[in-house]
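**Q** Submitted below is the structure of interest, expressed as structure tokens.
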Amino acid sequence: MAKRTAASTWVRMFNRNLAALTRNTRRVQTRAVKTAVKRATTPKAPPATPGDWLGGMALGPGGARRYHLYRPPDLQAGERLPLLVMLHGCGQDAAGFAQSTRMNALARRERFLVLYPEQDRLASAQRCWNWYDTRNGRAHTEVALILAAIDQVCLLQPVDRARVALAGLSAGASMAALIASRHPARFKAVVMHSGIAPGAAESTATALAAMRGHRLPAPLSPSPVQALLPLPPLLVIQGGRDAVVAARNGAAAAAAWALAAGAAAGATRSQQRGQRHPMQVTDFKHRGRTAVTLIDVDQLGHAWSGGAANQAYSDAQGPDASRLVWAFVSKQFPAPVAAAPKAPPPAPVHPAFNLPALFNPFALRALKGATLKP
């Protein structure tokens with residue numbers, strides 16, 4: 001009897017402790033979820049650039065993602081502007097990426113729209129785009145979400161659909177290349193800044209190996225439908241002192257893209273603007289058309305080259321990547337189509353020849369005494 005009583009007491013104590021542990025765990029999880037939701041839904045201060053900083057949300061098979069759109073001021077009636085899609089890197093959000101790159105100021109001068117899709121903390125604690133998760137399909141659901149954001153902006157804003165390009169930093173660069181390789185007809189150009197080419201990873205472990213430079217991308221193998229369409233021209237910007245994404249990834253991405261386009265490398269040339277870090281530029285061409293441009297900046301780390309000072313993942317001493325991006329993508333855009341002139345308003349009809357009025361007794365009374373002129 002004593003043994004049974006002791007066992008019953010132990011069971012009751014175990015159940016009480018288990019219930020207390022469960023309550024505490026639920027409280028911790030609830031607080032964590034509330035904190036994550038609060039951070040994800042708290043609006044960030046927009047960059048201080050004249051124009052509109054608009055927010056929106058796109059829905060897709062992978063859930064929902066917020067985005068922000070910069071629209072330059074003084075839009076004219078019937079004006080259609082190019083769209084540049086900017087994908088941030090890990091540890092960034094839309095507002096921080098806009099401030100670091102200062103792309104909005106350039107968009108104001110050159111008159112184009114900038115779309116900043118934003119990764120959710122519930123999808124990645126560090127806000128990394130899951131570009132590598134192709135094995136379980138997560139990467140493809142995020143591709144669909146970003147495309148949904150682009151479609152929504154094209155529907156609601158004055159976007160010239162024939163002039164749309166992609167650019168990204170780090171994980172955003174890898175995601176941009178993945179999107180462009182799967183949907184080449186939708187984009188006129190793509191830019192990878194410190195990223196990894198599609199096909200170099202398919203899981204978390206292989207992504208870490210690729211970032212260290214231990215895995216090279218497999219040859220791009222588009223679907224039969226995609227095989228009929230050429231890949232959009234690619235600009236690769238890579239830092240030689242990048243401690244996050246090994247420098248060899250830049251050359252590997254350029255080589256894989258060039259191979260798929262049948263392009264060959266030309267002579268490398270050195271360029272330097274003022275006191276900024278020098279860069280080595282190599283063009284890969286096919287039948288006179290530039291398919292890939294590779295820019296190596298030996299003194300650049302894992303940061304947006306030429307970005308704003310005192311911003312995360314930004315190196316003010318590097319070549320101005322934002323200008324390089326726009327110079328590259330704008331060359332790929334077709335000439336804008338001029339808006340059709342408005343038809344002149346119809347000539348006014350004299351009341352005396354308004355036939356319906358002849359059958360209206362009130363109109364006949366108003367016309368009484370009117371004089372017809374030859």
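The values are calculated or read from the model by the stated rules, or taken from the named source; none is laboratory data. No experiment lies behind these values; they were computed from the predicted model shown. Glycine also receives a Cβ, built like all others from the backbone with ideal geometry; neighbour counts cover every protein chain displayed. Side chains are part of the model used for accessible areas, which takes the heavy atoms of the whole protein and leaves out ligands, DNA and RNA. Shrake-Rupley method; radii C 1.70, N 1.55, O 1.52, S 1.80 Å.
**Q** Only residues in the stretch 305-323 that are open to solvent by less than 30 Å² (accessible area, probe 1.4 Å) count as the first member; pair them with residues that are among the aromatic types (Phe, Trp, Tyr), Cβ under 6 angstrom, at least 6 apart or cross-chain, and list the lot.
**A** That search, which allows pairs on different chains as well, returns SER314/TRP304; ALA321/TRP304.
**Q** Still on this structure, I have one more. Consider LEU106 against the criteria (1) in contact (Cβ under 8 Å) with a residue 40 or more places away in the chain; (2) closer than 19 Å to PHE187 by Cα; (3) among the aliphatic types (A, V, I, L, M): it satisfies all of them except one. Which criterion is unmet?
**A** Only one criterion is unmet by LEU106, namely (2).
Residues checked against (1) open to solvent by less than 20 Å² (accessible area, probe 1.4 Å); (2) within 23 Å of SER174 (Cα to Cα); (3) modelled with pLDDT of 95 or more:
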site: PRO43; (1), (2), (3): no, no, no
site: GLY51; (1), (2), (3): no, no, no
site: GLY62; (1), (2), (3): no, yes, no
site: GLY78; (1), (2), (3): no, no, no
site: ASN104; (1), (2), (3): yes, yes, yes
site: GLN119; (1), (2), (3): yes, yes, yes
site: LEU122; (1), (2), (3): no, yes, no
site: CYS128; (1), (2), (3): no, yes, yes
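**Q** Same structure again: Of all the residues that make up the stretch 116-140, how many are of a type in the set (Ser, Thr, Tyr) and out of contact with any helix residue (DSSP H, G or I) (no Cβ under 6 Å at 6 or more places or on another chain)? Give the steps one after another, and end with the answer.
**A** If we filter the stretch 116-140 for residues that are of a type in the set (Ser, Thr, Tyr), which is where we start, we get 116, 124, 132, 134.
After this cut, where a residue has to be out of contact with any helix residue (DSSP H, G or I) (no Cβ under 6 Å at 6 or more places or on another chain) as well, the list is 124, 134.
Matching residues across the stretch 116-140 total 2.
**Q** Can you name the condition, by its number, that GLY262 falls short on among (1) of a type in the set (Gly, Ala, Ser); (2) touching a Ser or Thr at 6+ places or on another chain (Cβ under 8 Å); (3) on the phi > 0 side of the Ramachandran plot?
**A** (2)
**Q** Would you tally the residues in the stretch 162-181 being in contact (Cβ under 8 Å) with a residue 40 or more places away in the chain and either of a type in the set (Val, Ile, Thr) or surrounded by fewer than 18 Cβ atoms within 10 Å (Cβ to Cβ) (or both)? Show your work before the answer.
**A** Just the residues of the stretch 162-181 that are in contact (Cβ under 8 Å) with a residue 40 or more places away in the chain, to begin with: 162-178, 180-181.
If we keep only those that are either of a type in the set (Val, Ile, Thr) or surrounded by fewer than 18 Cβ atoms within 10 Å (Cβ to Cβ) (or both) too, we end up with 162, 164.
Total satisfying the criteria: 2.
Residue by residue, here is whether (1) outside any loop (DSSP other than H, G, I, E, B); (2) at pLDDT 95 or above; (3) of a type outside the set (Val, Ile, Thr) holds:
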| position | (1), (2), (3) |
| --- | --- |
| LEU147 | yes, yes, yes |
| CYS154 | yes, yes, yes |
| ALA167 | yes, yes, yes |
| SER174 | yes, yes, yes |
| ALA177 | yes, yes, yes |
| MET192 | yes, yes, yes |
| GLY195 | no, yes, yes |
| PRO198 | no, no, yes |
| GLU202 | no, no, yes |
